[in-house]
1. Using only Cα atoms, tell me the angle between helix 228-242 and the longest principal axis of the chain; keep it within 0 to 90° and round to the nearest 10.
2. What angle, in degrees between 0 and 90 and rounded to the nearest 10, separates the Cα long axis of helix 400-415 from the longest principal axis of the Cα atoms of the chain?
3. Convex hull over the Cα atoms of the stretch 1-174, averaged projected area in nm²?
4. Measure up Lys8/Lys567; Lys650/Lys711; Lys294/Lys340; Lys9/Lys567 against 28 Å on the Cα-Cα distance and list the ones that go over.
5. P(r) of the stretch 573-725 in 5 Å steps, Cα pairs, percent per bin?
6. Per residue, how big is the convex hull around the C-alpha atoms of the stretch 302-393? Give it to me in cubic angstrom, could you?
7. Amide H of Thr526: which non-local residues (sequence gap of 5 or more, or other chain) have their own amide H closer than 5 Å, using H built in the peptide plane?
8. So for Arg521, Arg487, fewest C-beta neighbours within 10 Å to most, what's the order?
Amino acid sequence: MITEHELKKEKDYLKTVLYILEKKIAADKQWKKQREDDTLENMKYVWDNQILIRDDNQEILYQTAQIERLVTSTELTQKDIDTYSRMIKSAYFARIDFDDGDEVLPIYIGIATLVDGSDFYVYDWRAPIASMFYDYELGDAEYKLPNGESVKGKIVLKRQYKIEGDKIEQIFDTDLQIIDTVLQQILSDKSASKMKNIVKTIQKEQNKVIRKNDADILVVQGPAGSGKTSVGMHRIAYLLYAERDRLKFSNILIISPNDLFSNYISSVLPEIGEDNVYQTTFADYVKYDINEFKIKNDMNDIYEELYSVSKQKPTVFYNSIKLKFSASYINLIERYLNKKRLELLCVDDIKIGDVVLIDKKFLMKFAEEMNKTNLSIFAQSQKMLEKIMMHLDIKLYRDKKGKAQIKKMLNDKLKDIKAKDLYLDMYSRKDTFIKAVIEIYNETGAPRSNRLTIKELGDVFKYTQIHMQKGILPYEDVSAYMYLKDRVFGNKSHSDIKYVMIDEAQDYTIMQYKILADLFRESKITLLGDLNQSILPFAMHRNYESIINVFKEDRIVPRVTMSYLTKTYRSTSEINEWTKRILGEGAVYNQIDRHGDPVSVIKDTPTLERTRMIKDALELKTKYNTVAIIFKTMAEVEEFRSIVERKKIKGFRFIGKNDRVFDAADILVLPSYIAKGLEFDAVLAARANADVYTPDMRNVFYVVCTRALHKLNVYFSTDYCALENKK
């Protein structure tokens, strides 16, 4: 219990901090105004004297640099003003008193550092000394300085606050159990429309991942609701702080599962005073490298096809995905390129008339030597051309015309190397194509369930060939085409990107990872995933070993760390216990002890026309901020939309593949594959029928149900899938 005297001291300290914040804001605003005036003055000088200085390059460069410096200074000052303004609303959230043996130092912790003169009033949560708040209880503790030196001592006080403006709403001395209580209170609150920062409630295992800065490849595996994405975002914030001398927001890239998810997480970094980093999806990133074809469909269409079509009666589109998302297809491309390589390298007798100038065997030996390098096929072809011309300089030193003819012929062959032509050539001979795939099946021991029949392979061949002849590349071919293009021409590494974070890492194919690994071979990689939430058939990973090996290929002794988050915080105990049963033995994780309503499994009407979900969702919306109805497919969402719109019922928002803004003001209705990574106060899992969620859709059903924080209703209309009771 905090005494009145101690409480008064705390209130006085808050007043002091707020006074300094206001003083800082006023000073920064004045400084910013001066910088803006200086910028305008410089720009006016350039305009007024453009005739005098237009021929003076040095003066132009100086004035341009001066204006850029002033603009940068203004932007940084505004960033400080924004951060201090956030701190005015909640100055700090924690305090630890650390006894280092010489003195007891009170350390107040907030979203940013507040210094006045030489006095630290608030420490940034990312500062080394602040890490002790997350890692230690009362007693022995230590933190590491940037140079690696450890500072040891004792935490003699650990205190948390809930501050709103100039009022301390809550204050209490804490131990680990009370921190859990605070966490429970926060988790019990209704969710916001977008993901929020978690600086007040970062747990020890999460903090360890956030501050991990000695890994080149970091893999974070954790169950639904363990905070993987939040940890990833706070890790980015930490890196921007810890490596601020060499790292800017423009050096970091997030690869998200979809645009809606990117928007959902877009508030986290600004809330803690950092600029948003670049965010994209795999599809958006690679499509800029494909201008030879018009791309048909996207990843949402892939999911829709895989979730809608019966395995017993697959379409050619389904089988095309099945083949091209498999490891067998990588082998097919490699086999094709290996056979084509010598032709592309012009490995043949070089002759004029019947006179052989350079023997094919000699060139073959040189080609074998180059194959041991990391050079692309095109780069090898260039080297081969140089080798041939070097020998012709000797053998045809008098025959300039003959040498020029051979050089032109070889240069023309080099110019004719095009990825589009090569991919089309893969689909030019059906019998050769089918034979190659079957041989790969047999060589790799592919299970019968993963194989296509000869007829199915023929249909996929024709389907792909027809599309490409029309200048259309099916989306399931995008990764394969990029992979072939990379193998032939190589990819320029994006050296400006120093960190890449890939979320929902379990749902990328090995082919996609090979492309990403080559694009970002100089970047540090963070993978966030949960193997139990793998929802992409034909690309499911049993572990992360194969993915890690792809990223290790072009790196010299990379430092690899595998981190596990073992506790889930999202859902109530009732929802967690119920969803764990969907996974069975695969559900090896703990949960926070937060209770709520039991999961409701509800028999619905036989058709959507008279479903009770509309009434239930509207009622839940009066109790909760965010409510979602989640179907397995988009086709089901569209069927539900037609009913709601025909009945002119308000309050629903239907999410499709073109939606990019996350706004939960209305009840959201969306398919399972767009819902992954999101969370809602209440979830209505629609059409949980046995023929909809078959046993092979267990992970999809798990993803749908684990989106719920406080309330989960599961609806079925015919036979219930009961996946929580079967394994």
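Throughout, read-outs are computed from the coordinates displayed, never taken from laboratory work. Values in this document were obtained by computation on a predicted structure and should not be read as measured data. Quick reminder, even Gly has a Cβ in these numbers, built from the backbone with ideal geometry, and neighbours come from all protein chains shown.
1. 90
2. 40
3. Values: hull surface 52.9 nm².
With the hull built on Cα positions only, its mean projection is 13.2 nm².
4. Values: Lys8/Lys567 38 Å; Lys650/Lys711 22 Å; Lys294/Lys340 26 Å; Lys9/Lys567 37 Å.
Listed pairs above 28 Å: Lys8/Lys567; Lys9/Lys567.
5. 2, 9, 20, 24, 22, 14, 7, 2, 0, 0
6. Numbers: hull volume 13.0 nm³, N = 92.
Value for the stretch 302-393: 141 Å³ per residue.
7. Result for Thr526 returns Leu218, Val500, Met501, Ile502.
8. On the way: Arg521 16, Arg487 21.
Placing the least packed residue first, the sequence is Arg521, Arg487.
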